[in-house]
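Enquirer: What follows is a single structure, and I will ask about it in a moment.
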Amino acid sequence: MSSPKPLDMGPRAAGVLSAYGQRMASVAVRSRSAEPLRRGLVAVGLAEAHLEDPRNNLYGLAALHDGASLIGTPLTGLIAEVSRLLPPAGVAALRAFDRSTDRDRSIEAMGLRRTGEGETFLYR
């Protein structure tokens, strides 16, 4: 199967997709479901090549990693599941993040924190 075609996307739209990834991490924890994590990974992977600063994706990735650990779903497996939907740059970024140290992948390293619980849970 060939790789998906590159998207024609500006930095602003990419930023929205990146933020969506972080929001989906919150939804995954609230719903105890891996499906929002998959959606978040696709959004972050699609945004990767179009952000003004790709480091901005690290916030969403840290939240997605933390959310996956909270619901007991390995991020590595989720990345493998969504890789066929993403352009090569997005897949490479997701895999590079997954290979980084636990400290570098932590929400604390990104200045994020967990707030609320149950239906009010949120990464900020």
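Enquirer: Round to a whole number: what % of the accessible area of the chain belongs to carbon and sulfur, probe 1.4 Å?
Expert: Carbon plus sulfur share of accessible area: 53 percent.
Enquirer: Here is a follow-up. Can you give the accessible area per residue of the chain, in Å², using a 1.4 Å probe?
Expert: 55
Enquirer: Still on this structure, I have one more. Before anything else, pin down the relative contact order of the chain: Cα pairs under 8 Å, at least 6 apart, normalised by residue count, whole percent.
Expert: Value for the chain: 30 percent.
Enquirer: Sorted by accessible area with a 1.4 angstrom probe, largest first, how do Asp104, Asp66, Asp53 fall?
Expert: Result, largest first: Asp104, Asp53, Asp66.
Enquirer: Continuing with the same structure: Could you list the GluC sites (Glu not before Pro) in the range 20-97 that lie in coil according to DSSP, counting only those with at most 12 other Cβ atoms within 10 Å of their Cβ?
Expert: Glu52
The values are calculated or read from the model by the stated rules, or taken from the named source; none is laboratory data. Nothing here was measured: the structure is a model prediction, and the numbers come from that model. All Cβ positions, even for glycine, are placed from backbone atoms using ideal geometry, and neighbour counts span all protein chains on display. The protein model used for the area step is the full one, side chains on, heavy atoms only, and it has no ligands, DNA or RNA in it. Shrake-Rupley method; radii C 1.70, N 1.55, O 1.52, S 1.80 Å.
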